[in-house]
Amino acid sequence: MVSEAFHNNAFPQFTEKTGTKVVEGEFGDTDEFISLVKASQPGEYNVFLVSGVYDYFRFIKMGLADFVNEANIPNLDKLLPATLAAFRNESEGKLAAVPFDYGTTGIAYNRKYISDEEAQAGHKLLWDEKYKGKIGLYDGFQTRAWMSSLYTGQDPQGATDTAAMWEATRKQRDLVLKYWGSGQEFIDLMSKEEIILSDGWSGRVAYLQQNGHDIGFIDTAQAGFAWIEGLMVLKGSPMEAAEQLINFCIEPAVAIAIAEGQNYPPSLDPTKVELTEKVKKLPGFDPTGKFENYIWEKASYWFDNQDAYKKEWDRISKGA
């Protein structure tokens, strides 16, 4: 869905305008892509869509990223200051990625079986034994640790009792039909009603709603977290072409078209750029652009705990 949105609205048009060909590709998850980049020669991969501040931080810490010359990306002036700050704060004021879109992880539920009133329980609903065998959850250590921290009354980015956090995750495992690994898998499970309750991504929930499925979504800070995606430049890339491509993609008309295609709001500042009604109605959209009720990732927390958390989640997901 994301690849289609970029292909239909950006890459061919960029080639037509500049003569620079864009070779497109996809990857399964960030760990897989990191392995590909580390095994490649510098310059083999150039620009990719990084999913979140934590992953942005990882690429910088591993020395895989390059920093852009902001003077070559004039459309930066049209982006939300809060999204720019989120990336700058992790890289000493410089940018290795330009904010492109944002979304939220919240609680998705089928209104045929779960009322809006009941859904106000938020993350606690994911431990309700009433829905055993009809719950789906994202197969990612970060989301699992986040939700279980909330369930045990802890800061999702500063849990002090990690034993309780992971014990709650084990308890939850017995209720889960499927841990899904991609947005498309989440869509398939929800649309076929194999699951009726899950944590989910705002853009994928929007797709279900647009296609006639009565799916509710709780995306407050009590249910999940917010994340920023950015167009990130890798070490060894042809910087002038990379900066030109990024500037083209955040041109308002292009960014809005991609946003409508992938169902995630663009990082454009709504006080400077007129957004479409479709974008304004997307789950997770913040009309103020201030993100006052959104919780961004604390990159250093996840980076410092990633090895231990990944190891424990891998054990739990396999039944240990």
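Would you pick out the residues in the stretch 31-48 that are crowded, with 18+ Cβ neighbours inside 10 Å and not in a loop (DSSP other than H, G, I, E, B)? Once the filter is applied, which keeps residues that are crowded, with 18+ Cβ neighbours inside 10 Å and not in a loop (DSSP other than H, G, I, E, B), the stretch 31-48 yields PHE33, VAL37, VAL47, PHE48. Scanning the stretch 125-153 for residues that are in a loop (DSSP other than H, G, I, E, B) and under 16 Å from GLY200 (Cβ atoms) turns up LYS134, ASP139, GLY140. Filter the stretch 249-271 for residues that are in contact (Cβ under 8 Å) with a residue 24 or more places away in the chain, β-branched (Val, Ile, Thr) and not in a loop (DSSP other than H, G, I, E, B); which is most open to solvent (accessible area, probe 1.4 Å)? For the stretch 249-271, the residue satisfying everything is VAL254. Residue by residue through the stretch 1-22, note down the ones that are over 30 Å from THR105 (Cα atoms), open to solvent by 70 Å² or more (accessible area, probe 1.4 Å) and out of contact with any helix residue (DSSP H, G or I) (no Cβ under 8 Å at 6 or more places or on another chain). Matches in the stretch 1-22: GLU16 only. Just wondering, is there one or more residues in the stretch 193-204 that are under 17 Å from the mean Cα position of the chain (by Cα) and more than 23 Å from TYR151 (Cα to Cα)? Yes, there is a match, as at least one residue in the stretch 193-204 is under 17 Å from the mean Cα position of the chain (by Cα) and more than 23 Å from TYR151 (Cα to Cα). Note on the stretch 154-237: enclosed helices (runs of 4 or more DSSP H) holding 2 or more residues that are over 25 Å from CYS249 (Cβ atoms) and open to solvent by 10 Å² or more (accessible area, probe 1.4 Å) are 162-173, 183-191. In this structure, THR104 does not qualify as open to solvent by 20 Å² or more (accessible area, probe 1.4 Å) and either outside any helix (DSSP H, G or I) or not β-branched (Val, Ile, Thr) (or both). Selection within the stretch 49-68: residues that are in a loop (DSSP other than H, G, I, E, B) and either in contact with a Gly (Cβ under 6 Å, 6 or more places away or on another chain) or of a type outside the set (D, E, K, R) (or both). The member of this set that is least open to solvent (accessible area, probe 1.4 Å) is GLY52.
If you go through the stretch 107-124 and pick out every residue that is in a loop (DSSP other than H, G, I, E, B) and either closer than 30 Å to LEU245 by Cβ or in contact (Cβ under 8 Å) with a residue 12 or more places away in the chain (or both), you end up with 5. Scanning the stretch 69-100 for residues being buried (at least 20 other Cβ atoms within 10 Å of the Cβ), within 19 Å of the chain's Cα centre (by Cα) and either charged (D, E, K, R) or not in a helix (DSSP H, G or I) (or both) gives a total of 9.
The values are calculated or read from the model by the stated rules, or taken from the named source; none is laboratory data. Worth saying up front: this structure is predicted, and the values here are computed from it rather than measured. Backbone-built Cβ (ideal geometry, glycine too); neighbour counts: all protein chains shown. What goes into the accessible areas is simple: the full protein's heavy atoms, side chains included, and nothing from ligands, DNA or RNA. Shrake-Rupley method; radii C 1.70, N 1.55, O 1.52, S 1.80 Å.
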